[in-house]
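Beneath this line is the structure, given in structure tokens, with notes to follow.
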Amino acid sequence: MFFLFVSPLITFYITLFNSFLRPIPCISALDELCLDPDAYASSPEHTPALDPVKPKLFCFPGVTTKDITEGTPSGPEYEHHYQRLVAKMQRSPDAVQKQQLHQACLATALVESGKEVPSAFVGHSRGALVAEYVAGLLDDDSFVRLVELTRKVQLEASDGQEFGLVAVQAPFKARCVPPMFELACLNHDKQFVMVGLRAYIEQFAAMDPRGRAVAIPVDGPYHSRKHLECQKQRFMKELRENPLHRGTDRGVTYYSSVTGRRATDVTEAEYQWEAVAGTVRFQPLIPHLRNSEMLELGQSPMLTRLCGKQTRGECVY
């Protein structure tokens, strides 16, 4: 929703104009940010150079990336679960929301099958909601409400501006974040992610020909306190007037990438706002996961690799 129809166009042209005439201040090269060119292996995935680990790997047979994004798995129980969640939504889910719902149904189907019951759950960014739901920390209604509410505030906070993320393959230091960016994710001791206006993000990434900074266009200001602040009052009011509720306790440990430690209650409005606007703190969780068997649902084995583990299959590990 835009207050003025011309607002997106004005913002776009101002951003474009500034990106050509005003370079990013205080930065002339990525080396000023203390980036280590040998921090990561030279591979397309920028796999961290950690101690090799060869754990037993789980695989969910027959599941592909398309299943995660489009929800093509068949089966009456799966379909009933998915339709039950969709029926609780106020509007038809968009592509991002469908992905979250399908991930939730896939993970629930796996856990309820009794074949492989995880000893712990962990989520990253949007995946945190899925992990909280499957772990039983949110019931159906609360999960669906958060899927809708978080997506809504992210899109409306963009107000026609174009945003991007930049994944930086280097140890994080506070002075590494320029004033026009914010720390979105602290993924690993040699990888962090920043969020900002897309023009600046792309300009920043283009400074380094060795690919230590990878720009990723996104459709909203993910994990940006500055740009999401305009939505905070609305978000908090909604959750305080209609509190979240726990689901069925599965007796499984949940490690939160919001706090960077174990969590037993995610129903507080303040916690969920931090999940939307705060930094994803996956790095502190890695010590808990390195010596464990892992199963990852997603479009790529990003988290599995960050934990230094080998992978196989297309999207479930």
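Computed from the coordinates by the stated procedures, all read-outs in this text should not be read as laboratory data. Being a predicted model, the structure only gives us computed values, none of them experimental. Using ideal geometry, Cβ is built from the backbone for each residue, glycine included, and neighbour counts are taken over all protein chains shown.
Can you give me the distance in nm between label points at A206 and K88, each placed 7 Å from the Cα along the Cα-to-Cβ direction?
4.5 nm
How big is the charge dipole of region 177-284 about its Cα centre, in debye rounded to the nearest 20, if each Lys and Arg gets +1 on its Cβ and each Asp and Glu gets -1 on its Cβ? If you can, show how the numbers build up before the last one.
Working: 15 positive and 13 negative charges, 36 e Å.
Once rounded to the nearest 20, the dipole reads 180 debye.
Using the count of nearby Cβ atoms within 10 Å as a rough guide to exposure, how do S257, S119, S125, S158 rank from fewest to most? Don't jump to the answer; show the numbers that get you there.
Numbers: S257 27, S119 9, S125 17, S158 20.
Arranged by neighbour count, lowest to highest, S257, S119, S125, S158 become S119, S125, S158, S257.
Please give, to one decimal in nm, the separation of the simple spin-label points placed at R234 and Y78, each 7 Å out from Cα toward the Cβ.
That separation, rounded to one decimal, is 3.5 nm.
Quote the charge dipole size of region 73-161 about the Cα centre in Debye, to the nearest 20; the model charges only the Cβ of Lys and Arg (+1) and of Asp and Glu (-1).
140 debye
Using a 10 Å cut-off around each Cβ, can you sort K98, K190, K226 from fewest to most neighbouring Cβ atoms?
By the 10 Å Cβ count, ascending: K226, K98, K190.
Please arrange K152, K237 by counting, for each residue, the other beta carbons lying within 10 Å of its beta carbon, fewest first. Don't skip to the end; give the middle numbers.
Details: K152 18, K237 11.
The order, fewest Cβ neighbours first, is K237, K152.
Extending each Cα 7 Å along its Cβ direction at V252 and K226, get the distance between those two points in nm, one decimal.
Rounded to a tenth, the inter-label distance reads 3.8 nm.
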